[in-house]
Amino acid sequence: MSWELWWLFVVMDTAMSLTPGPAVLMVVSQGLGQGFRSSVAANLGILSGNLIWFTLSAVGLIALVLAWPRAFEVLRWIGVGYLCWIGLTMWTGHRQALRMNAERKTESFRRVWMRGIVLQLANPKAIVFFSALLPPFVRADKPIVLQMVILAVTSVVIEFWILAGYGLLADRASHLATQP
C-alpha cells in the first residue's frame with residue numbers, strides 16, 4: 001500500500017468518523033445520560049463491530065479477487081463513484097438536528113458494549129463503508145490481508161479518538177447543564 005493511498009484513506013475515514021450517524025449518536029447519548037465511562041463502552045462496542053466488518057470484508061475481497069478479478073475492479077470503481085457522491089452531498093446537503101433522550105439510567109459496561117456491537121453491525125453507514133468505500137483502497141496485486149490489517153488499525157485508532165472526543169464533550173455538556 002502506498003503512502004498516498006493510505007493518506008487518502010486517513011482523510012476519508014476521518015471525515016466519515018466525524019459525520020454524525022448512529023455510532024456518534026449512541027456515544028453522545030451514553031455520554032449525556034451515563035457519563036464518559038459509558039460512552040467509552042459504547043465506543044469499544046462500535047469498534048468491535050467494525051473489526052467484525054473488517055474481517056468479513058477481507059474474506060470477501062480475497063474470495064472476489066481469486067474468483068473474479070474483474071468484479072473486484074468493478075466494485076472498486078463503484079466505491080470511488082460513491083465516495084465522490086458522498087463528498088458532493090456533504091457540500092450541498094442539509095444538516096439535520098440531533099435529538100436525545102435526557103433521562104438517566106444505569107447500564108453495565110458489558111451491556112452498553114454489546115449494544116454498541118449490535119448497533120454497528122446493523123448500521124447502514126458501516127455496511128456502505130465496508131462494502132463500497134473500502135475496496136478502492138485495496139490493491140488486488142498486493143497482499144490483501146496485510147492491507148486490511150493496516151486499514152483496520154488505522155480506522156480503529158481514528159474512530160476511537162473521534163468517538164472518545166464526542167463522548168467527553170457530551171459528558172462535559174451534561175455536567176454543565178446541571179450547574180446553576
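The listed residues Glu4, Glu107 rank as Glu4, Glu107 when sorted by accessible area, largest first, using a 1.4 Å probe. Shape of segment 17-56 from its Cα gyration tensor (a ≥ b ≥ c, root eigenvalues): rounded if a/c is under 1.5, otherwise prolate when a/b > b/c, or oblate? It comes out oblate by the Cα gyration axes.
Rounded to the nearest 10 square angstrom, Met1 shows an accessible area of 60 square angstrom against a 1.4 Å probe.
Whenever you get a sec, line up Trp53, Trp3 from highest to lowest accessible area (probe 1.4 Å, protein heavy atoms). Please list the in-between numbers first.
Numbers: Trp53 50, Trp3 175 Å².
Greatest to least solvent exposure: Trp3, Trp53.
Mind running the shape call on segment 102-163? Use the C-alpha gyration tensor, a ≥ b ≥ c as the square roots of the eigenvalues: rounded below 1.5 for a/c, prolate if a/b tops b/c, oblate otherwise. Here segment 102-163 falls in the prolate category.
Placing a pseudo-label 7 Å from each Cα along the Cα-to-Cβ vector at Met1 and Met114 gives an inter-label distance of 3.3 nm. Taking label positions 7 Å along the Cα-Cβ direction at both Glu107 and Ala122, the computed distance is 1.1 nm, reported to one decimal. Each residue of segment 32-44 was assigned a 3J(HN,Hα) from its phi angle through the Karplus expression (A = 6.51, B = -1.76, C = 1.60, θ = phi - 60°), giving 5, x, 10, x, 4, 4, 5, 5, 5, 4, 5, 4, 5 Hz with x at Gly and Pro.
With the Cα gyration tensor of segment 135-180 giving a ≥ b ≥ c as the square roots of its eigenvalues, does the rule (a/c under 1.5 for rounded; else a/b larger than b/c for prolate; else oblate) give rounded, prolate or oblate? Mind showing how you got there, number by number?
Numbers: a/c = 9.76, a/b = 5.29, b/c = 1.84.
Since a/c reaches 1.5 and a/b is larger than b/c, the shape of segment 135-180 is classed as prolate.
In this structure Ser108 has an accessible area near 70 Å², from a 1.4 Å probe over the protein heavy atoms. Ile150 contributes about 60 Å² of solvent-accessible surface, heavy atoms of the protein only, 1.4 Å probe.
Each residue of segment 174-180 was assigned a 3J(HN,Hα) from its phi angle through the Karplus curve 6.51 cos²θ - 1.76 cosθ + 1.60 (θ = phi - 60°); the sequence is 5, 5, 5, 5, 8, 7, x Hz, with glycine and proline shown as x.
The values are calculated or read from the model by the stated rules, or taken from the named source; none is laboratory data. Remember, it's a predicted structure, so these values are computed and weren't measured experimentally. Cβ sites come from the backbone with ideal geometry, for glycine too, and all protein chains shown count toward neighbours. SASA here: full protein model, heavy atoms, side chains in, ligands and nucleic acids out. Shrake-Rupley method; radii C 1.70, N 1.55, O 1.52, S 1.80 Å.
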